[in-house]
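Read the structure below first, then the notes.
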Amino acid sequence: MPDIQSKAKRKGLITGFLTKWASIIALVVVFAFFAIKMPAMFLTSSNMITILRAISVTTIIAIGLTITLAVGGFDLSSGSMATMSGSLVISFFVWYKMSMWEAIPLAIILTMGLTLVTMFLIVKCKIPDLLATLAMMFTLDGVSLTYSGGGAVSEGMPRANGAETFGKIPKMFKDMGQAPTIIIIMIVIVVVIHIFLTYTKYGRYIYAVGGNKEAARLSGIPVKNYRVFAGMLAAVFIGLGGILVASRNMSAQIQGAAGYAMPAISAVFIGRSVAGADKPNAFGTFIGASLVGILENGLIMMSVPYYSLNAVKGVVLAFALASTYYSSKGEN
Amino acid sequence: MAESVRTLEMKNISIEFPGVKALSNVNFSMRSGEIRAVVGANGAGKSTLMKVLAGANETYTGDILIDSKPCEIRNPRSAKDLGIELVYQEVDTALFPYLSVAENIMFNNIVTGMKGRALIHWKGINKAAREILDRLHMDIDVTRKMSSLSLAQKQMVLIARAVRERCRFLILDEPTAPLSLGEVAELFRITKELASRENVGIIFISHRLPELFEICQSLTVMKDGQVVANKSVDGSLTTQEIVNLMLGRSFEENFPKRKVAIGETLVEAEHLADEEGKVRDVSFTVRSGEIVGVCGLVGAGKTELCKLLFGAGGMRSGSLRCRGKSIKVRNPTQAVRQKIALVPEERRKEGVLVSEPVYFNLSAACLDKFTNRFSFVQRRKELENAKKLVADLGVKTPSVFQRVRYLSGGNQQKVAVGKWLASDSDFYMLDEPTKGVDVGAKRDIFQLIQKLAADGKAVLYASSEINEILAITDRVYVMYNGRFAAELVTEKTSEEEILYYAAGGKK
């Protein structure tokens, strides 16, 4: 018995090291590649800030997804949910002349309310997460377009029925999406959620439920409550992500945040294995989002057309998924 | 349908799994038209032997002869070609839920009989399927979708398929376990008809001894991987005799029994019943310091009872009292609050979180004890507790940070028990806690259970291993078919008596 174990251990050490640090190695390699290839353009402090700013939204939405995946769920609708939240917040400013302190909390609360519908489909109707959120994705796309009257919403733009609008988007709202604020918001969220998931009772239970629902239930953990709770918490960050997209655009665009859903999912899966966590975790998600962001930034500098970037992001997601599922094949 | 009599013989069949001799020199023979029962305690080798016949165990040694001609059965295909079919207890694994009854019966025909045709000849298939069902007097609409059928009907479809495949020997692995009384009668009628009219030899595996008298002509008793007796079923054979043959005198647990002062009644349950009918009108009491056994064969309802008491099953009726106070347990969270603990049977699926480390598991059931008022986990306190438990329970692990996946079965089980120790529960239920556990770990777990009793806890020990029940419990309820068939004092009972009631014997 000890023979087999030590042999397996030795073999496991190499693959174990690789799976643990693959994401960070990839990050360093990609970074080094662009730095050597285009030192004058890529390796500047202004470009570093650009990258951090660019990954902020992805990271924040991905933090929401980290919580969803940690509890054993899945979410395809994050992009549509974020778009909805962005439409809401801009419309509150422009149509209803709300202040920031009213508009942002209200948008987030409404996003949570919509997530409650998702959780109802998943927990009560027992639809698998993937399918429930697929349905929600379509529904939300339609709902947010219907709400905005089939178009974008921005300052001074009349409503669909021709009514003029007088509300202004506050300057402070614009600052939120600018460089240092948005980066600070991202870092604070990563740190807080990392602490929350790692050191609090709630984080513990979320991971327990995500690891094995039945075992968690038979340990006395109220599994359904925690799934709903995790969904609500995720909604806060997805909603905030959508609001930040709106802040960067200073308007609510059609499908404005839809492009963030897939990179965010990639980020969570890339980050899953970081430092041997072997489960969705906030720090890993940040690494994952960074990898996606640096790739995007570098490729654009190398004049890869923007419309080809999705192909690259898709391949990155495939790699991240492959690493997750390949390394877990020894389970059970 | 008169056909010549065919014979099936198995000679010196042996199978060795790593470290265990699952079958040793088994001789088994029967002829077509005969209904033969195969009985034995859990792990006696019944299923292993039948899997050999069905081609699911290719590593056997020995000879199989059909009509005195030697043949090899190394895969399921060759078993089918020889006319041997096995209807597993889990009928769903062999059926296609989205296809119709006719398609399921005629499936082989659809797969191999198409010969270049691309379209299914619906009329022909439905007609052929209906003919077979009519022949067996089964009343099922062949156009119905398989998924809409009841369990009993699914079994019948499988039997019909076997008949369609010109099966000569049909193995039914515990077919009656999930059936209601009416369904059992119907199954018996069909089985008898198959034997007498279709000249099929039927091997009937069951834990319920009384029903064997009704249907079988002969009986093979297995124990510890060997055939210990072949009997013909006539007036002279009794349930008691079969039980004695099944048990023999081979295993003796020499576990020292500790005397513990038994205190007041801690848990009282009255007329418990679940929604699915797996637990019916069960009443019992457990006193502080007492280890009460619930003994029953697989499928008797022990697991369902434990889950019911833990709030994890659908309670239909009944009441539960703890320390004289009436309590309601609607879900496991409430059960834990009422200081009830359950170590479930399926340890890896239900008992532990295999992808989490040992310390995580050991505090999963009572994390509140290790958190401060802001809900932050107090790591030092938690690790101290984990280390203490690992030492107390003798869990063999390099550290408390080891993921539970990498521990052996016995050590995983110790973790599954250990997670409840810190919760300081009053009532501990253990469901088959020694399943798949080696002897050393078994002793450790026994000692642990005795220590719980010595600390004044009430313990419910559910197991199908009678020798374990005898070794550790003070009192035992024997469960049969969802009910408590008997209440016995362990010191004054015997394996024979317990098995007699567990197999459906009446007072």
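In this structure the amide hydrogen of B:Val343, modeled in the peptide plane, comes within under 5 Å of the amide hydrogens of B:Met429, B:Leu430, B:Asp431, none closer than 5 places in sequence on its chain. Only helices enter the 222 nm calculation for chain A: every DSSP H run of n ≥ 4 contributes -39,500 (n - 2.57), and dividing by all residues gives -24500 deg cm²/dmol, rounded to 500. Its Kirkwood hydrodynamic radius, worked out from the mean inverse distance over all distinct Cα pairs, puts region B:347-424 at 12.2 Å.
Across region B:7-247, the convex hull enclosing all Cα atoms gives 131 Å³ per residue. Rounded to whole numbers, the Karplus 3J(HN,Hα) couplings from phi for region B:101-107 are 4, 4, 4, 5, 5, 9, 4 Hz, using 6.51 cos²θ - 1.76 cosθ + 1.60 with θ = phi - 60°, and x at Gly and Pro.
Just going by the charge dipole of chain B, with Lys and Arg at +1 and Asp and Glu at -1 on Cβ, which of B:Ala129, B:Ile64, B:Leu353 is farthest out on the positive end? Of B:Ala129, B:Ile64, B:Leu353, it is B:Leu353. A simple rule links phi to the HN-Hα coupling: the Karplus curve 6.51 cos²θ - 1.76 cosθ + 1.60 with θ = phi - 60°, which for region A:96-101 gives 10, 6, 6, 8, 4, 6 Hz, with x for Gly and Pro. For the cross-link pairs B:Lys259/B:Lys451; A:Lys224/B:Lys307; B:Lys381/B:Lys419; A:Lys201/B:Lys307; A:Lys213/B:Lys442, the ones whose C-alpha atoms lie over 20 Å apart are A:Lys201/B:Lys307; A:Lys213/B:Lys442.
Return one number: the angle in degrees, 0 to 90 and rounded to the nearest 10, between the long axis of the Cα atoms of helix A:78-94 and the longest principal axis of the Cα atoms of chain A. Once rounded, the angle reads 30 degrees.
Only the Cβ atoms of Lys and Arg (+1) and of Asp and Glu (-1) were treated as charged; on that basis the dipole of region A:157-229 about its Cα centre amounts to roughly 200 debye.
Per-residue Cβ neighbour counts within 10 Å put B:Ser218, B:Ser196 in the sequence B:Ser196, B:Ser218, beginning with the fewest. Loop-resident trypsin sites (Lys or Arg not before Pro) (DSSP state other than H, G, I, E or B) in region A:125-230 with no more than 11 further Cβ atoms inside 10 Å of their Cβ: A:Lys126. Straight-line reach from A:Lys20: which lysines have a Cα under 16 Å away, not including same-chain ones fewer than 8 places off? Partners within reach: A:Lys9, A:Lys11, A:Lys279, A:Lys329.
The order of B:Glu85, B:Glu214, B:Glu193, A:Glu296, going from fewest to most other C-beta atoms within 10 Å of their C-beta, is B:Glu214, B:Glu193, A:Glu296, B:Glu85.
Per-residue mean of foreign Cβ neighbours for B:306-319 is 1 (Cβ atoms of other chains, 10 Å radius). Between B:Arg117 and A:Trp95, the simple label model (points 7 Å from Cα in the Cβ direction) yields a spacing of 6.3 nm.
Size of the dipole of chain A about the Cα centre, Lys and Arg at +1 and Asp and Glu at -1 on the beta carbon, nothing else charged, in debye to 20?
760
Identify, among B:Ala152, B:Ala94, B:Val227, the residue whose Cα sits farthest towards the positive end of the charge dipole of region B:7-247, taking +1 on the Cβ of Lys and Arg and -1 on the Cβ of Asp and Glu, with the dipole about the Cα centre. So the residue furthest toward the plus end is B:Ala94. In chain B, the DSSP-assigned H stretches of four residues or longer account for a calculated mean residue ellipticity at 222 nm of -9500 deg cm²/dmol, using -39500 (n - 2.57) per stretch and the full residue count as denominator.
Computed over the Cα atoms of the protein assembly as shown, the ratio of the radius of gyration to the Kirkwood radius (Rg/Rh) comes to 1.04.
Sites listed here are chymotrypsin sites (Phe, Trp or Tyr not before Pro) in region A:60-101 whose DSSP assignment is loop and whose Cβ has at most 10 other Cβ atoms within 10 Å, and the list is empty. Axis of helix B:122-135 versus longest Cα principal axis of chain B: the two differ by about 80°, to the nearest ten degrees. Classified by the C-alpha gyration tensor, region A:204-312 has an oblate form. Its axis ratio a/c, with a ≥ b ≥ c, is 1.5 or above, and a/b does not exceed b/c. The chymotrypsin sites (Phe, Trp or Tyr not before Pro) of region B:370-409 that meet both conditions, a loop assignment by DSSP and at most 11 other Cβ atoms within 10 Å of the site Cβ, are B:Phe374.
Taking the Cα centre of the protein assembly as shown as origin and assigning +1 to Lys and Arg Cβ atoms and -1 to Asp and Glu Cβ atoms, the resulting dipole is close to 1900 debye. Neighbour counts of other Cβ atoms within 10 Å put A:Thr133, B:Thr490 in the fewest-to-most order B:Thr490, A:Thr133. At q = 0.12, 0.15, 0.23 Å⁻¹, what is the log10 ratio I(q)/I(0) for region A:154-277, with the Debye formula run over Cα points and no solvent? Here the Debye-derived log intensity ratios amount to -0.65, -0.88, -1.42. Subtracting the Cα-Cα distance of A:Ala35 and A:Lys168 from their residue separation scaled by 0.36 nm leaves 43.7 nm.
Converting the Cα gyration tensor eigenvalues of region B:31-112 into ellipsoid dimensions via √(5λ) gives semi-axes, longest first, of 25, 18, 13 Å.
Across region B:352-361, coupling constants 3J(HN,Hα) worked out from phi with the 6.51/-1.76/1.60 Karplus curve, θ = phi - 60°, read 10, 9, 5, 8, 10, x, 4, 4, 4, 5 Hz, and Gly and Pro carry x. By definition, a body whose alpha carbon gyration tensor gives a ≥ b ≥ c is oblate when a/c is 1.5 or more and a/b is not larger than b/c, and region A:22-327 fits this oblate description.
Values quoted throughout were computed directly from the atomic coordinates according to the rules given, and no laboratory measurement underlies them. On a predicted model such as this, the values are computed, not experimentally measured, just so you know. With ideal geometry, Cβ positions are generated from the backbone for all residues, glycine too; neighbour counts draw on all protein chains shown.
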